[in-house]
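Shown next, in structure tokens, is the structure this report addresses.
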Amino acid sequence: MTNSLRPNGDQRAPLPPAQSPVGGVPSPRSPQSPRSHQKTQNGKQRDAFFDNAKYLAIVLVAVGHSWEPLRGDSRVIDAAYQVVYAFHMPAFIIISGYFSRSFDMRPDRLKRLITGVAVPYVVFETAYSLFKRWMDDPHHEISLLDPWYLTWFLIALFVWRLTTPIWKAVRRPLPLALGLAMLATVSPSIGDDLDLQRLLQFLPFFVLGLSMKPEHFHMVRRRSVRIASVPVFAAALAFSWWAAPRMNAAWFYHRDSAQELGAPWWTGPVMVLALFGCSLVLTACFFAWVPRRHMWFTALGAGTLYGYLLHGFLKKAGDYQGWFEASWLHHPAGEIGVTVLAAAAVTVLCTAPVRRVFRCVMEPAMDWAFKRDAAEAARERQGVERREREKAAVG
């Protein structure tokens with residue numbers, strides 16, 4: 001890149017551009033929809049569609065967890081559970097990949113990755129382990145290498161985002177990611193360290209998000225897709241109702257190899273491809289019905305990671321204390337009540353007051369731990385100089 005010529009005759013290489021709104025990712029919404037955007041406190045634009053999608057996906061995560069203790073008593077719940085598990089995390093991971101497109105090894109972005117993903121992983125992995133010790137198992141070990149319960153997503157996101165430059169450099173990233181996922185399903189020796197099975201088996205969804213462009217989201221939001229999604233979801237529910245007693249739902253968790261699930265080794269690669277296709281179809285249907293405009297819950301989309309990590313304590317407390325053993329919960333009215341309660345609880349956990357309380361561990365500043373980015377400091381100096389010149393010109 002050539003140097004820029006300054007008025008006083010010296011030459012200086014241009015600085016890296018400041019980060020653009022929403023992680024440098026263009027919004028898939030058309031510019032004619034001003035109400036679809038809102039600004040955060042630091043001035044960055046947020047797109048209502050993605051915040052709506054993240055909120056609805058995290059509600060489905062919480063509802064799915066609340067259905068786990070009820071599955072054995074209701075084939076309808078079992079069928080709905082499998083359909084939800086087929087797409088709720090894939091949808092969330094695709095969005096995470098999409099907003100990781102601008103990630104590189106720039107110091108400020110590495111800092112945000114550490115403070116926004118690695119630090120919460122350490123804090124919540126420790127907190128969950130201590131919670132289990134207190135509530136259920138005094139001998140439960142604390143291990144940062146063996147994610148427990150919900151924390152697998154944080155360590156997976158950390159690794160996925162670190163490898164983003166690799167996926168942006170290779171010629172066919174998605175087939176390569178699918179190949180790694182297929183190999184993982186026939187490799188029971190991978191073990192539980194860093195939950196590598198999940199990390200590798202969910203990897204294709206993250207890589208797909210990296211490869212997506214705004215026009216792809218325009219395609220799934222067409223009216224024809226919204227109409228077609230209704231019979232598609234109905235067919236998925238009908239098939240799931242038939243398959244519920246015949247299929248091991250653990251395939252949807254993507255945490256075990258085929259051998260560990262008691263299946264022939266060759267079923268692993270087949271199931272990776274089959275579930276990837278099913279998940280994509282259902283995720284497209286989900287995106288088709290996500291509202292595009294600002295809704296009452298849009299602002300909650302900025303706090304979905306809070307709701308994700310915090311609702312696990314409520315769910316596990318219910319398991320340990322036997323809340324789900326009440327007989328009335330195992331009837332239609334009780335199942336509806338549990339569903340509504342789970343959705344309401346995770347909604348509260350995404351709200352601004354809760355985020356203010358837990359921001360110190362979810363989004364710590366930690367300026368004391370990092371060197372000052374020279375490029376950022378230079379940009380600030382240039383801004384100050386520009387404002388001084390503007391004041392002098394006005395004067």
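The values are calculated or read from the model by the stated rules, or taken from the named source; none is laboratory data. For clarity, every value in this text was computed on a predicted model and none was experimentally measured. Here the Cβ positions follow ideal geometry from the backbone for every residue, glycine too, while neighbour counts run over all protein chains shown.
The set of residues in region 127-156 being loosely packed, with under 15 Cβ neighbours inside 10 Å and part of a helix (DSSP H, G or I) consists of Leu130, Arg133, Trp134. Of all residues in region 297-322, those that are among the charged types (D, E, K, R) have Cβ atoms under 6 Å from Cβ atoms of residues that are part of a helix (DSSP H, G or I), 6 or more apart or on another chain, in Lys315/His65. Based on what the data block shows, is Val63 among the β-branched types (Val, Ile, Thr), within 24 Å of Ala234 (Cβ to Cβ) and in contact with a helix residue (DSSP H, G or I) (Cβ under 7 Å, 6 or more places away or on another chain)? Yes; evaluated as a whole, the condition is true for this residue.
Of all the numbered requirements in (1) farther than 23 Å from Phe131 by Cα; (2) exposed (fewer than 15 other Cβ atoms within 10 Å of the Cβ); (3) at pLDDT below 90, Val340 misses one, and that requirement is (3). When Asp136 is tested against (1) closer than 19 Å to Gly307 by Cα; (2) at pLDDT below 90, exactly one condition is not met: (1).
Taken over region 87-104, the criterion of being farther than 21 Å from Gly303 by Cβ and surrounded by fewer than 20 Cβ atoms within 10 Å (Cβ to Cβ) is satisfied by Arg101, Ser102, Asp104.
Table: residues versus (1) farther than 25 Å from Ile142 by Cβ; (2) buried (at least 21 other Cβ atoms within 10 Å of the Cβ); (3) at pLDDT 95 or above; (4) over 20 Å from the mean Cα position of the chain (by Cα).
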position	(1), (2), (3), (4)
Leu178	yes, no, yes, no
Ala184	yes, yes, yes, yes
Ser189	no, no, no, yes
Asp195	no, yes, no, no
Phe206	yes, yes, yes, no
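Does Arg109 satisfy being part of a helix (DSSP H, G or I), buried (at least 17 other Cβ atoms within 10 Å of the Cβ) and among the charged types (D, E, K, R)? Criteria met by Arg109.
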